[in-house]
1. Would you check if there is a residue in the stretch 147-155 being farther than 24 Å from Ile391 by Cα and not charged (D, E, K, R)?
2. So, Leu123, is that one within 16 Å of the ligand (Cβ to nearest atom), hydrophobic (A, V, I, L, M, F, W, C) and surrounded by 23 or more Cβ atoms within 10 Å (Cβ to Cβ) or not?
3. Select from the stretch 253-300 the residues that are surrounded by fewer than 20 Cβ atoms within 10 Å (Cβ to Cβ), among the polar types (S, T, N, Q) and touching a helix residue (DSSP H, G or I) at 6+ places or on another chain (Cβ under 9 Å) and write down the one among them that is farthest from Arg417 (Cα to Cα).
4. Anything in the stretch 33-63 that is within 16 Å of the ligand (Cβ to nearest atom) and outside any helix (DSSP H, G or I)? List them, or say none.
5. For the list (1) surrounded by fewer than 21 Cβ atoms within 10 Å (Cβ to Cβ); (2) of a type outside the set (D, E, K, R); (3) at pLDDT 95 or above, I need the number of the one condition that Trp389 fails.
6. Is it true that Ala206 is in a loop (DSSP other than H, G, I, E, B), modelled with pLDDT of 95 or more and out of contact with any strand residue (DSSP E or B) (no Cβ under 9 Å at 6 or more places or on another chain)?
7. Residues to consider are Val203, Val220, Val190; find the one that is closer than 11 Å to Leu176 by Cα and in contact with a Phe, Trp or Tyr (Cβ under 9 Å, 6 or more places away or on another chain).
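The values are calculated or read from the model by the stated rules, or taken from the named source; none is laboratory data. Just so you know, these numbers come straight off a predicted model, no measurement behind them. Cβ placement follows ideal geometry from the backbone for every residue including glycine, while neighbour counts extend to all protein chains displayed.
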Amino acid sequence: MNQPTHIAGATCRDAPVLKERGQREVFCGLTGIIWLHRKMQDAFFLVVGSRTCAHLLQSAAGVMIFAEPRFGTAVLEEGDLAGMADAHEELDREVDRLLSRRPDIKQLFLVGSCPSEVIKLDLHRAAERLTVKHAPHVRVLNYSGSGIETTFTQGEDACLASMVPVLPKTDARELLLVGALPDVVEDQAVDLLTKMGIGPIRVLPAHRSAEMPAVGPNTVYACLQPFLGDTAAALDRRGACMIQAPFPFGEEGTTLWLRAIADEFGVDDETFARVTDAPRARARTAIANAAKALQGKSIFFMPDSQLEIPLARFLTRECGMEAVEIGQPYIHKGLVGPDMDLIPAGPTISEGQDVDKQLDRVRAARPDLTVCGLGLANPLEAEGLTTKWAIELVFTPVHFYEQAGDLAGLFSRPVRRRELLKLEAAE
Ligand code: SF4
């Protein structure tokens with residue numbers, strides 16, 4: 001009963017993939033800093049970029065002006081960009097100034113951007129040099145948040161992947177949960193697994209650098225987000241082993257994700273049922289209430305957050321929606337394969353984007369709901385289509401049982417709003 005439902009016939013895993021490589025409409029990986037800095041409480045994210053990068057961060061995370069921020073931008077001036085100044089020397093000075101003023105910083109991430117990549121500023125070398133200089137108080141790492149050929153959730157993946165090689169080594173058998181979720185949601189997951197007798201449980205990223213998990217050949221890990229492909233590869237290189245499962249969205253996804261971990265740790269059916277029955281029932285009721293407006297409605301996913309395939313599985317199987325197209329920026333079957341196994345073949349599965357061609361397909365299909373980036377939502381709304389901003393899905397707690405109703409609600413609200421507007425117009 002807790003095992004994946006067998007789907008007779010072909011599934012989306014076997015379906016042909018429409019690969020598109022054209023103009024894309026996505027945010028860059030700097031966006032991840034907005035949720036990562038909240039999670040890692042002694043880290044600082046120093047974007048090495050332009051004024052555009054600084055503006056993006058400031059406007060997206062404007063609330064932070066009331067607190068001591070844990071991110072900032074070292075702005076590359078025209079002289080740096082023209083190769084007239086030694087950007088490395090300036091960066092070192094900037095880091096020295098920051099660290100002498102902020103002894104609370106224990107991890108410093110130098111975050112690459114389009115401008116730093118264009119001038120080929122070697123931030124890896126800079127991070128190594130600065131780690132030597134500021135050890136043992138501060139570890140300096142680097143990753144790229146550049147917008148060239150990336151999508152906005154890849155910033156988190158690149159950040160976590162940069163941490164894996166420097167995690168301590170262990171031979172202990174431990175469960176590692178990978179991905180930055182809001183604390184309250186992370187606590188729910190740890191609580192459910194602990195009640196099944198599973199442990200020790202570690203989380204990457206930890207709140208503080210001193211609590212960072214160790215990793216080794218007996219580590220088994222489960223990803224909390226479907227966009228952590230580079231992090232998973234880095235953990236595999238350290239000898240850790242991934243537990244594959246659908247992602248924990250909705251009642252079914254959460255149950256299957258927990259079940260896969262429970263199986264790995266030899267939890268019996270009775271214990272599993274004792275821990276999960278009550279929250280499963282709550283999740284089912286909450287979804288049934290929130291999903292009434294979604295029954296029989298069509299949905300079109302444009303590629304943006306990397307959450308598209310697991311969400312399509314949730315919306316088609318638990319909320320009664322019909323997917324027309326499921327677009328994802330890139331498809332990593334090692335991560336989203338178990339979700340694809342649960343979606344019957346039928347919807348177009350697309351990877352990458354050629355935005356004009358895809359918009360033509362949206363206009364032809366006129367779906368009841370289109371999930372897309374901010375830049376595409378307004379024009380589509382103006383054409384009478386109902387949209388949902390993909391970026392909200394990473395800023396809202398949506399994982400696990402207690403959030404399953406809210407997840408369905410995120411999609412049903414715009415559908416209900418459109419129906420009300422239609423009714424008002426008809427009166
Ligand atoms: S990293 Fe690139 S895409 Fe992102 S804000 Fe900076 S210039 Fe723009």
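1. no
2. yes
3. It comes out as Thr271.
4. Result: Phe45, Leu46, Val47, Val48, Gly49, Ser50, Ala61.
5. (3)
6. yes
7. Result of the check over Val203, Val220, Val190: Val220.
So that you can scan it fast, the table gives a plain yes or no per residue for (1) within 16 Å of the ligand (Cβ to nearest atom); (2) in contact with a strand residue (DSSP E or B) (Cβ under 6 Å, 6 or more places away or on another chain); (3) in a helix (DSSP H, G or I):
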| site | (1), (2), (3) |
| --- | --- |
| Asp104 | no, no, no |
| Leu108 | no, yes, no |
| Pro115 | yes, yes, yes |
| Phe152 | yes, no, no |
| Glu156 | yes, no, yes |
| Cys159 | yes, yes, yes |
| Leu176 | no, yes, no |
| Ala189 | no, no, yes |
| Thr194 | no, no, yes |
